[in-house]
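Here's the structure, in structure tokens; my notes come after.
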Amino acid sequence: MPSLPIINLTSVQFIGHQSPEVIFYLPNAPILTHDWQADDLGSVDKLIADNGNHWRKIIVIASKLVAINLSNWREIKPNLLSSSIRNTSGHLKCALAIVPSPSDNHPLSTNLNSYHNDKNNPQVWHIICGLETLKRLGLQSQQFDNKVSLNQQQSLYYQEKLMFTPYLDYRQFPNNLIELARDIIHATQCQKG
């Protein structure tokens, strides 16, 4: 079984819930102001406003993947990354993990929270978003035991609680593929409790 390689926790930065059930691994960090905090009311809207449509798509797809009831994704989006705001809409707690390029010699913005969370916790889903992130983690899609596809270009690879998906963009990760990923993620979440 592939597992996340040992990663220096000082090189991977996390944004979001302090005890996530789902971690999305991404290759690029958003631009965040010095006073931005995931727990602040409106933090996701501010992140989108400061980073544009690209990050809006990432947040929307992540919201759809973690919403217990898909029709509630719009309700959970504003507080998607918060640890302190009460989860009344029903979603899996999530965080974003920024995996830097090996050539990145500088630390990410200091206002990003470093987690000391056990990344090998068997209760946490690790969603590796896009080929660039997969490469940065030293993995290959062939290492995964399971594959589901819409077509040759749109596939999910997974094993236990580790999943490789397309990058969180609708051209690569359309709603039909989101539904397939949701089925896998939420089926195992229901089995745990």
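Every read-out reported here was derived from the displayed coordinates using simple, explicitly stated rules and does not represent laboratory data. Owing to the predicted nature of the structure, the values given are computational and were not obtained by experimental measurement. Neighbour counts run over all protein chains shown; Cβ positions are idealised from the backbone, glycine included.
Numbers at a glance
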| read-out | value |
| --- | --- |
| Karplus 3J(HN,Hα) series, Hz, for segment 139-145 with 6.51 cos²θ - 1.76 cosθ + 1.60 (x for Gly, Pro) | 10, 9, 4, 5, 6, 8, 6 |
| Charge-dipole axis of segment 13-192 as Lys and Arg at +1 and Asp and Glu at -1 on Cβ define it, positive-most pick from I184, Q140, L168 | I184 |
| Fewest-first sequence of S149, S82, S71 by Cβ atoms within 10 Å of each Cβ | S71, S149, S82 |
| Under 17 Å from the Cα of K135 - aspartates and glutamates, other chains or at least 8 residues apart | D104 |
| Per-residue Cβ neighbour rank within 10 angstrom, fewest leading, T133, T165, T33, T188 | T33, T188, T133, T165 |
| Extended-chain gain in nm, criterion 0.36 nm per residue less alpha-carbon gap, L131 and Q18 | 38.1 nm |
